[in-house]
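Each value in this text was obtained by applying a stated rule to the coordinates, not by laboratory testing. All figures in this text were calculated on a predicted structure; none of them were measured in a lab. Here the Cβ positions follow ideal geometry from the backbone for every residue, glycine too, while neighbour counts run over all protein chains shown.
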């Protein structure tokens, strides 16, 4: 079957367009898979940090980058230095929820809600909630926190 030159050109253009579309689509799928894998990894590392805090482990060199800028629950600022032992709080429980991870290239931003149950030195129980934000940066094969922030969640006013 013989096609007119215009029809042949149109068929050729369609073939090129479809090839480009499927190539771009497969790249989008690879990028989406990569992004999901990175989100999973930083959320796994958040869990590693939760377990460290629950155990009272105050060595964070494996999860926090040298020079990380950290805003604590009380508003104080820590510029993390390797070997710095962060203060720990004896915890009865430490739960994290509402976790959202978003990846932007080699940076991931994680937000969530933490709920802590503890007790004073006099064994008086207390609890608190805080919203948190951790900015993770990938360097080589590892992720480390480069910025963190904690904000206390106040209970609603009594009626």
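A compact table of results
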{"quantity": "Ranked list, fewest to most other Cβ atoms within 10 Å of each Cβ, for 147, 103", "calculated": "147, 103"}
{"quantity": "Exposure proxy ranking, count of Cβ atoms within 10 Å, fewest first, for 73, 104", "calculated": "104, 73"}
{"quantity": "Cβ-based exposure ranking for 38, 130, in which fewest neighbours within 10 Å come first", "calculated": "130, 38"}
{"quantity": "Förster radius 41 Å - calculated FRET efficiency between residue 117 and residue 142 (Cβ-Cβ, nearest 0.05)", "calculated": "0.85"}
